[in-house]
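A short worksheet on the structure shown next.
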Amino acid sequence: MPAGSAPLPPQPSTLPTGGAAESLPRLSRRSALLGAAALLAPLATSRVSAAPAVTAEAPAPRHPSGQIRLDSNENPYGPSPAARRAILASAVEAPRYADDATQELITKLAALQHLERTQIVVGSGSAELLNMAALLASLPGPGGELVAAQPTFEQLPQFAQAVGVATRWVPLDAGHAHDLPAMRAAVTDRTRLVYVCNPNNPTATAVRRDALEAFIRSVPTSVLVLVDEAYIDLVDADGVGSVAALTKECPHLIVLRTFSKIHGLAGMRVGYGMAAPALAQRLRDLQMTYPNIAGLRAAMASLDDHVFYWDTRRALLADRQRVEAALDRLGCAHTRSQGNFVFFDASMPVADFNRAMLAHGLRVGRPFARYEHWSRVTIGTHAEVDRFLDVLPGALGRKA
Ligand SMILES: Cc1ncc(COP(=O)(O)O)c(C=O)c1O
């Protein structure tokens, strides 16, 4: 269990089995079988049995061009077998609005995080919640600022700009991590929102929980602090952990999580925010759309699939370690990754490195501000990482 993360409580499956669902129109046997075949087809047989969920044969989503996609920090092992079954079973619920399922997920998340239900906001991906926070920061009118590290995940700064909130960028520190003292110094009376992505995308670095807590408490409560924990399930460094519990005490804190990373549900679009009840309501009031039933059922089933969670974490961390060891052997500087991706110095314009990788059918991350020679590679399946490691020395122009 990553330090500071809430435990995953054993809970009964929430898949619809009879009851109310029995009285709903049923899929015909033929269409149900066709649907099941389509959904489960890419699964290795070992993944639908009780065998470990993560295997070398697990399917990797391919780009239509056939390229191996190591560029978007997705989890190729997902969805979990339980989530796949839940997606299929959700078809009978599709004619109804998903309000009840949303409430069920909120109840489950509140129990998981030891928070009140009123503290949870479910969104269509955490990107929607980032946008909601930017919108909230824009409401007092023009002239407000967002304080954010550079580079970091750009969804929030970009949407903030679109709604009239300018970003005050704060460079990362010498260790490529959030420079919390400098970020605190950048907070002025114009600041409405501070963004801390922990672990940070794209650098894969994380700040310690105690330092982050001191930072959050030091920011005036008139300024919102948003901690984005999209990758928190992948951390293994001492002292790094979630600050979700602090939402019980800090009225200005928003903590975000997503089902797009360890749960492997990026295409299902489910994320959630945690905040004090009043702040959670202010966010909820700005919601632009509502999660869909397939995503909600998949998310609930995935929370219960502990085997998938732990097998996925083990597989991704082992391959992350292989990539870091290879970079060490090749003499490439890299950060100590706390996510499902590795950030390293390719010692050449990253466009050139990407082109060399693409020539071998591998898509890796794009250029990031202030790190023009650094590349970000997502940890794919074991076989995809094998392929990446085969190609890496040549792309870097070094001897294996
Ligand atoms: C740090 C961070 N936050 C949020 C997101 C968006 O996730 P979601 O799919 O939940 O919208 C990403 C996606 O890559 C991310 O890297």
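Pick out, from the stretch 300-400, the helices (runs of 4 or more DSSP H) lying fully within it that include 1 or more residues that are within 20 Å of Thr205 (Cα to Cα) and outside the structural domain of Thr203 (by TED's automatic domain parsing).
306-329, 350-358
Going through the stretch 297-321 one residue at a time, which ones are among the aromatic types (Phe, Trp, Tyr) and within 15 Å of the chain's Cα centre (by Cα)?
Tyr309
In the stretch 87-132, which residues are at positive phi and among the small types (Gly, Ala, Ser)?
Once the filter is applied, which keeps residues that are at positive phi and among the small types (Gly, Ala, Ser), the stretch 87-132 yields only Gly125.
Quickly run through the stretch 57-95 and pick out the residues that are assigned to a loop (DSSP other than H, G, I, E, B), within 23 Å of the chain's Cα centre (by Cα) and modelled with pLDDT under 80.
Those that are assigned to a loop (DSSP other than H, G, I, E, B), within 23 Å of the chain's Cα centre (by Cα) and modelled with pLDDT under 80: Ala58, Pro59, Ala60, Pro61, His63.
Name every residue in the stretch 214-249 that is out of contact with any Cys (no Cβ under 9 Å at 6 or more places or on another chain), small (Gly, Ala, Ser) and closer than 21 Å to Arg314 by Cβ, in order of residue number.
Within the stretch 214-249, Ala237, Gly241, Ser242 qualify.
Looking at the structure I just gave you, is Thr335 in contact (Cβ under 8 Å) with a residue 24 or more places away in the chain, over 30 Å from Ser222 (Cβ atoms) and within 16 Å of the ligand (Cβ to nearest atom)?
yes
Look at the stretch 138-156 and say how many of its residues are more than 11 Å from the ligand (Cβ to nearest atom) and surrounded by fewer than 22 Cβ atoms within 10 Å (Cβ to Cβ).
Going through the stretch 138-156 one residue at a time, the tally reaches 9.
Write out, first by first residue and then by second, each pair whose Cβ atoms fall under 8 Å of each other, whose residues are 6+ apart or on separate chains, and whose first residue, in the stretch 220-246, is closer than 25 Å to Ala185 by Cβ while the second is among the small types (Gly, Ala, Ser) and part of a helix (DSSP H, G or I).
Final answer for the pair search is Leu224/Ala133; Leu224/Ala137; Leu226/Ala133; Asp228/Ser126; Glu229/Ala244.
Is it the case that Gly267 is within 16 Å of the ligand (Cβ to nearest atom), surrounded by fewer than 23 Cβ atoms within 10 Å (Cβ to Cβ) and over 28 Å from Asp345 (Cβ atoms)?
The answer is yes for Gly267.
What about Val240, is it surrounded by 18 or more Cβ atoms within 10 Å (Cβ to Cβ) and part of a loop (DSSP other than H, G, I, E, B)?
Yes.
Would you point out the residue of the stretch 287-299, among those that are within 16 Å of the ligand (Cβ to nearest atom) and of a type in the set (A, V, I, L, M), that is surrounded by the fewest Cβ atoms within 10 Å (Cβ to Cβ)?
Among residues in the stretch 287-299 that are within 16 Å of the ligand (Cβ to nearest atom) and of a type in the set (A, V, I, L, M), the one surrounded by the fewest Cβ atoms within 10 Å (Cβ to Cβ) is Met288.
Output the residue which, of all residues in the stretch 102-134 that are within 11 Å of the ligand (Cβ to nearest atom) and in a helix (DSSP H, G or I), is surrounded by the fewest Cβ atoms within 10 Å (Cβ to Cβ).
Per the criteria, the residue is Ala127.
Looking for whichever is touching a helix residue (DSSP H, G or I) at 6+ places or on another chain (Cβ under 9 Å) and away from the ligand (no atom under 12 Å from the Cβ) here; the options are Asp236, Asp228. Which one fits?
Answer to the check: Asp236.
Quick check: is even one residue across the stretch 246-258 among the hydrophobic types (A, V, I, L, M, F, W, C), outside any strand (DSSP E or B), away from the ligand (no atom under 16 Å from the Cβ) and closer than 26 Å to Gly144 by Cα?
yes
The values are calculated or read from the model by the stated rules, or taken from the named source; none is laboratory data. Being a predicted model, the structure only gives us computed values, none of them experimental. Don't worry about glycine lacking a Cβ; one is built from the backbone with ideal geometry, like all the others, and counts go over all protein chains shown.
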